[in-house]
Amino acid sequence: MAKDNLQVLNALDVAKTQWYHFTAIIIAGMGFFTDAYDLFCISLVTKLLGRIYYHVDGAAKPGTLPPNVSAAVNGVAFCGTLAGQLFFGWLGDKMGRKRVYGMTLMLMVICSVASGLSFGHNANSVMATLCFFRFWLGFGIGGDYPLSATIMSEYANKKTRGAFIAAVFAMQGFGIMAGGIFAIIISSAFKARFDAPAYEVDAPGSTVSQADFVWRIILMVGALPAALTYYWRMKMPETARYTALVAKNAKQAASDMSKVLQVDLEAEQQKVEQITEKPANAFGLFSREFLRRHGLHLLGTTSTWFLLDIAFYSQNLFQKDIFSAIGWIPPAKTMNAIEEVYRIARAQTLIALCSTVPGYWFTVAFIDKIGRFAIQLMGFFFMTVFMFALAIPYNHWTHKDNRIGFVMMYSLTFFFANFGPNATTFVVPAEIFPARLRSTCHGISAASGKLGAMVGAFGFLYLAQSQDKTKTDAGYPAGIGVKNSLLVLGGINFLGILFTFLVPESKGKSLEEMSRENEDENGEGPELEQTSSFNSRTVPVY
């Protein structure tokens, strides 16, 4: 209940939308812009890396990355991200959100630049150093997930909290699009300056020596937006919920938020001590009490994020292969190296512009109107429908006259991923767990998602290969083909529908209501007054 809460937290919950909300969205969102740019720009240049470092004289097709190298280059950042989500999520609850926030950003800046400066001239040294720096880049990116979500949730008012957290995540769409646009600009400039024949005309001459600069520049530019926001991240005060409920410093929390909200707030140190000393606020992550109160919730957030990311990242990272399979990108041998980068970047930018970015902002617009649960359920449902609609008549979509229809259907799966679980799986874990465990639990949920991304990224490399061994990429065994891979992804999306029922609705409730940090010793809390409402359908019954 509002009267049981601290004045400083009530003030944040009922505050009107102000300039500091938008400042926080931009500061946190630019981290996600960088995250998306850095994670997805690698898919724009993997074909180029294959041509430069794995060219085989006399081969009918341009060089491609060997399966193990391709898996490492595409997936190593995810390994780092998973580790970073767990580590920085835990650290954010131990040291405070603000103190850790700057570390993640500097790591991203340094490793973005270092990725483009990968050392050596032979394939082994370049790929080894590229993978090394992309792992640590991922480690920094991983920290941004729990910290950005937690900071935004703890700054926001309860009426528009979902939209604010989703807006931070929506910057990911602009990051993906920016990566594609920048790759188009760079490849166009290099193509105009260093024109080359197609591979089938002159195999060695199709990859000019200057192409080695293209992928390095694309990777290094990811450091710019992160570097530009570092100062403003350091100027942000610590969140009041961490300062009051975890650090137990009511005076500092009131002082910080008085400046932010421009109102006078009482410190209430005695009330802070009463709240934090309640048995309901003493259990740890690995306790029976946590399992009883939040075990199903954590299972819901981890499982849905895991399933979503299998489908989402397998599509995003390897959509260039799908476009090639349906003829949207010409056969590699008919293009030179830089032309191929341009074509791949153009295709991915169109998908981002037409479906990815709009999907994110539809979520921002509607999340506080129709709720997290409804959006997530709807998103998984339509992803399942469109995936099966692509897979079952797959041969129909490969005919030249139907290619635009395929791209439209494919775009709709992305639209409902982003106007659906890709946004809500990020929002909900930042709202439903106690302040002292919020960053940790968000990190665990996000790490589960990245585990799914690795399954999608590594698995799709092999699964999507043709069933005919003579038509597979060099070094790969026969797979199950694109059609059967899409069927598998459709099934995974359907499982997402089922696990969504474990996730509680947090629309319009304060963070303390959802985490039940205001409960008394008898387990009576504000949210139990609504036992007949739709929103309480997943709250455990005692």
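The values are calculated or read from the model by the stated rules, or taken from the named source; none is laboratory data. Predicted model, so just to flag it, every value in this text is computed and none were measured. Using ideal geometry, Cβ is built from the backbone for each residue, glycine included, and neighbour counts are taken over all protein chains shown. Surface accessibility is based on the protein's heavy atoms, side chains included, excluding ligands, DNA and RNA. Shrake-Rupley method; radii C 1.70, N 1.55, O 1.52, S 1.80 Å.
Structure summary
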{"quantity": "Alpha-carbon spread of the stretch 187-319, three principal axes, descending order, Å", "calculated": "79, 38, 20"}
{"quantity": "Longest to shortest principal axis, alpha-carbon extents of the stretch 413-516, angstrom", "calculated": "60, 23, 20"}
{"quantity": "Kirkwood Rh, angstrom, the stretch 251-297 [1 / mean 1/r, Cα pairs]", "calculated": "12.9 Å"}
{"quantity": "Carbon + sulfur, % of accessible area of the chain - ligands and nucleic acids excluded, 1.4 Å", "calculated": "66 percent"}
{"quantity": "Computed helical MRE - 222 nm, the chain, DSSP H runs ≥ 4 contributing -39500 (n - 2.57), nearest 500", "calculated": "-23000 deg cm²/dmol"}
{"quantity": "Two-site FRET efficiency, His121 against Lys159, from Cβ-Cβ distance with R₀ of 60 Å, rounded to 0.05", "calculated": "0.55"}
{"quantity": "Estimated dipole of the chain in Debye, rounded to 20 [Cβ of Lys and Arg +1, of Asp and Glu -1, Cα centre]", "calculated": "640 debye"}
{"quantity": "Lys, Arg +1 and Asp, Glu -1 on Cβ, resulting dipole of the stretch 267-318 about Cα centre, debye, nearest 20", "calculated": "180 debye"}
{"quantity": "Potential extension, Glu273-Arg99 segment - 0.36 nm per residue separation minus Cα distance", "calculated": "60.3 nm"}
{"quantity": "Ordering of 257-269, 374-386 by burial proxy (mean other Cβ atoms within 10 Å per residue, highest first)", "calculated": "374-386, 257-269"}
{"quantity": "Highest average packing first - 272-285, 343-356, Cβ atoms within 10 Å", "calculated": "343-356, 272-285"}
{"quantity": "DSSP-loop chymotrypsin sites (Phe, Trp or Tyr not before Pro) across the stretch 147-211, with at most 16 other Cβ within 10 angstrom", "calculated": "Phe194"}
{"quantity": "For the stretch 235-390, the spread of Cα positions along each principal axis, largest first, Å", "calculated": "73, 38, 31"}
{"quantity": "Helical segments meeting 24 Å axial Cα length and Kyte-Doolittle -1.0 threshold in the chain (DSSP H)", "calculated": "19-40, 67-95, 97-116, 123-155, 161-193, 288-325, 372-391, 435-463, 481-499"}
{"quantity": "P(r) tail fraction, the stretch 180-234 - alpha-carbon pairs more than 17 Å apart, %", "calculated": "51 percent"}
{"quantity": "Mean projected area (nm²) of the alpha-carbon convex hull when the stretch 407-451 is viewed from all directions", "calculated": "3.4 nm²"}
{"quantity": "Protection proxy ranking, peptides 96-108, 444-456, 240-252, average beta carbon neighbours within 10 Å, highest first", "calculated": "444-456, 240-252, 96-108"}
{"quantity": "Rounded to whole Å, sorted largest first: equivalent-ellipsoid semi-axes of the chain, Cα gyration tensor", "calculated": "44, 25, 18"}
{"quantity": "Whole-angstrom gap from the stretch 391-461 to the stretch 1-80, using each part's C-alpha centre", "calculated": "13 Å"}
{"quantity": "Solvent-accessible heavy-atom area per residue, rounded to whole Å², over the chain at 1.4 Å", "calculated": "38 Å²"}
{"quantity": "Gyration tensor (Cα) of the stretch 159-259, equivalent ellipsoid semi-axes in angstrom", "calculated": "49, 14, 10"}
{"quantity": "Centre separation in Å (Cα based) which lies between the stretch 205-250 and the stretch 254-269", "calculated": "30 Å"}
{"quantity": "Å³ per residue enclosed by the Cα convex hull of the stretch 301-422", "calculated": "103 Å³"}
